[in-house]
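Bear in mind that the values in this text are calculations on the coordinates, not laboratory data. No experiment lies behind these values; they were computed from the predicted model shown. Ideal geometry is used to build each Cβ from the backbone, glycine not excepted, and the neighbour counts take in all protein chains shown.
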Amino acid sequence: MILPTVTLRHVREDDMPQLIRAVTDPAWRGAYSPTRMTSPQQLWARFRDNGFASEDAERLLVCDEQGRVVGDVMHFSAHRYSSARELGWSVHDPADRGRGYGTAGARALVDYLFRALPVHRLCCSLAPDNLASARVAQNAGFLYEGRLRGVIFIDGRHVDGDLYGMTRDDWARARAHAPG
């Protein structure tokens, strides 16, 4: 599959209605989103506080070639004792899913983080039956590292999480062998 060309950018005020829908509308949230919903008021407060960009966490929008917001990606501290970052991604409109935007957004975030921050490790954790996100992780260059038992709380229960990881060295090797 040839991936779509995407760009990442910070959230602007006029993006908030779509972001609120992506976070609160059950049809857009998907089966693997946290069960606990964030209120529109909380989202507005975070936007006004720091625009979803701080040392602790950053949410960036994924835009297609026409500049249309198709999803978002985020990163946050993975461990208190290291510079490692955990990543997440979401394609907002179900009609846009399965078209490569998740993988393109995840790859763009990986490149951004390794170019902009002094991190050595990136990771993501996802429910074992979340096959779409597993494909995104693998296609973005993450390697399966194992299963964490009962680490994700979804729909009133703790479920296992498959852990995927990538080091700066993995990223550099993949870039050296990439076409073009």
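Worth a mention:
- Tensor-based shape of the chain (alpha-carbon gyration tensor, a/c under 1.5 rounded, otherwise prolate or oblate): rounded
- In order along region 135-145, the Karplus-derived 3J(HN,Hα) couplings, from 6.51 cos²θ - 1.76 cosθ + 1.60 at θ = phi - 60°, round to 5, 4, 4, 5, 5, 8, x, 7, 10, 5, 10 Hz, and Gly and Pro are given as x.
- Positive end of the dipole of region 6-108 (Cβ unit charges, origin at the Cα centre): among V62, Y101, S33, the Cα lying farthest that way belongs to S33.
- Stretch gain in nm, segment H158-H79, where the contour uses 0.36 nm per residue and the Cα spacing is subtracted: 26.4 nm
- One chain, two ends: A172 and N50. Fully extended at 0.36 nm per residue, the span grows by 40.8 nm beyond their Cα-Cα distance.
- Put a plus charge on the Cβ of each Lys and Arg, a minus charge on the Cβ of each Asp and Glu, and nothing anywhere else: the dipole of region 1-106 about its Cα centre is then about 220 debye.
- The string of couplings for region 148-159 from the Karplus curve (6.51, -1.76, 1.60, θ = phi - 60°) is 9, 6, x, 8, 10, 9, 9, 6, x, 8, 8, 10 Hz, one whole number per residue in order, with x for Gly and Pro.
- Applying 1/(1 + (r/R0)^6) with r as the Cβ-Cβ distance of D111 and E145 and R0 = 22 angstrom yields a FRET efficiency of 0.60.
- Unit charges on C-beta of K, R, D, E only; dipole of the chain, Debye: 240
- Each of T7 and H120 was given a label point 7 Å from its Cα along the Cα-to-Cβ line. The distance between the two points is 3.5 nm.
- Based on Cα contacts under 8 Å between residues 6+ apart, the chain shows a relative contact order of 20 percent.
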